[in-house]
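Written below as structure tokens is the structure these notes are about.
The values are calculated or read from the model by the stated rules, or taken from the named source; none is laboratory data. Values in this document were obtained by computation on a predicted structure and should not be read as measured data. Backbone-built Cβ (ideal geometry, glycine too); neighbour counts: all protein chains shown.
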């Protein structure tokens with residue numbers, strides 16, 4: 001069997017479907033039609049069942065979210081979208097293999113639009129590790145960044161050479177980690193990257209660096225076959241690893257450049273509305289803890305009250321990295337007499353400066369303990385009406 005001839009026939013059918021879609025006037029319907037044509041090709045026995053196609057946005061544990069993506073290739077066997085209906089799908093980034101932006105005609109404007117959508121995904125990819133548990137051993141991997149592909153049905157008034165130049169112009173302004181893995185134009189050709197040191201073409205994220213430049217090849221009717229082979233190689237090369245969906249239950253708030261967990265517990269006593277710390281206070285706390293007083297949860301409690309709860313396991317709680325915000329080096333609660341005032345019918349009131357009790361927050365994934373004595377009215381944001 002000549003696979004290239006088979007794919008030439010499929011390619012021609014996709015072009016016919018595209019021409020049919022061009023008769024549809026409504027923009028949304030037209031876009032859906034062309035995306036569905038590509039999805040049907042990939043889902044009709046071309047992609048293994050573990051690779052599922054969807055449409056929507058991608059979210060991280062830091063509550064970062066991508067732009068709306070035409071086609072999301074994700075693992076629907078181990079994980080499913082967080083929200084799912086005909087119009088809305090939200091995918092945890094750890095479940096995503098890659099994304100495809102689907103365009104009718106690839107003008108420079110549409111190319112940039114697709115590149116920015118891919119960038120919105122790659123820029124939020126977590127820099128952490130994935131794990132594979134076998135019977136006798138656990139293997140650690142760098143968690144992969146989703147790949148990004150732009151697929152177009154035609155060049156319009158453009159050319160592969162001019163697209164290559166447009167892509168090079170965009171890439172000069174962006175980090176290589178954000179560059180696309182492939183650009184393909186049906187029945188015209190593809191653009192990958194070539195390493196100018198060894199003149200080898202590359203498609204994988206780890207090999208796309210500042211030493212690579214866009215490289216276009218006019219495969220013509222073999223472009224679809226080449227796209228399919230590259231897509232399979234990109235998918236099969238990725239191990240997603242495990243993650244906990246529970247991480248998406250308590251998403252952090254964005255306060256300036258910081259991701260803060262734990263703010264949902266606070267309300268303004270006067271208005272009853274949710275309150276949050278000002279960016280200036282968060283920054284002051286984070287900068288202090290980033291350079292001072294790295295400790296652990298066990299020692300923070302021991303410093304604060306002189307002992308730990310009797311049910312605690314010292315070894316386990318000593319493993320939890322924690323930071324105590326205490327620039328004035330206030331003493332522990334057990335070191336100061338009458339530090340708490342008790343009044344019948346009222347909540348206990350801290351009347352002396354001590355380093356316990358504390359408010360606990362996660363700031364950029366660092367557990368920070370902030371004694372109540374440092375929290376004053378001017379630390380809080382005004383609520384938005």
Quiz item: Just for region 187-200: of the residues that are loosely packed, with under 14 Cβ neighbours inside 10 Å and either in contact with a strand residue (DSSP E or B) (Cβ under 8 Å, 6 or more places away or on another chain) or at pLDDT 95 or above (or both), which one is farthest from residue 82 (Cα to Cα)?
Solution: 196
Exercise. Scan (1) over 21 Å from the mean Cα position of the chain (by Cα); (2) part of a strand (DSSP E or B); (3) surrounded by fewer than 17 Cβ atoms within 10 Å (Cβ to Cβ) for the single condition residue 216 breaks and write down its number.
Key: (3)
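Conditions (1) modelled with pLDDT of 85 or more; (2) closer than 18 Å to residue 243 by Cβ, marked per residue:
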position	(1), (2)
60	yes, yes
66	yes, yes
85	no, no
91	yes, yes
94	yes, yes
105	yes, no
110	yes, no
124	yes, yes
Quiz item: Would it be correct to say that residue 351 is in contact (Cβ under 8 Å) with a residue 24 or more places away in the chain, in contact with a strand residue (DSSP E or B) (Cβ under 8 Å, 6 or more places away or on another chain) and either over 24 Å from residue 260 (Cα atoms) or outside the structural domain of residue 62 (by TED's automatic domain parsing) (or both)?
Solution: no
Exercise. Test residue 73 against the stated conditions and say whether it is in contact (Cβ under 8 Å) with a residue 24 or more places away in the chain and surrounded by 18 or more Cβ atoms within 10 Å (Cβ to Cβ).
Key: yes
Quiz prompt | Positions within region 34-75 being in a loop (DSSP other than H, G, I, E, B), farther than 17 Å from residue 231 by Cβ and out of contact with any helix residue (DSSP H, G or I) (no Cβ under 7 Å at 6 or more places or on another chain), in sequence order | solution = 62, 63, 64, 68
Quiz item: Mind checking which pairs have a first residue in region 166-180 that is assigned by TED's automatic domain parsing to the domain that holds residue 126 and a second that is assigned to a helix (DSSP H, G or I), Cβ under 6 Å, 6 or more apart or different chains?
Solution: 166/108; 166/111; 170/115; 178/119; 178/122; 179/171; 180/118
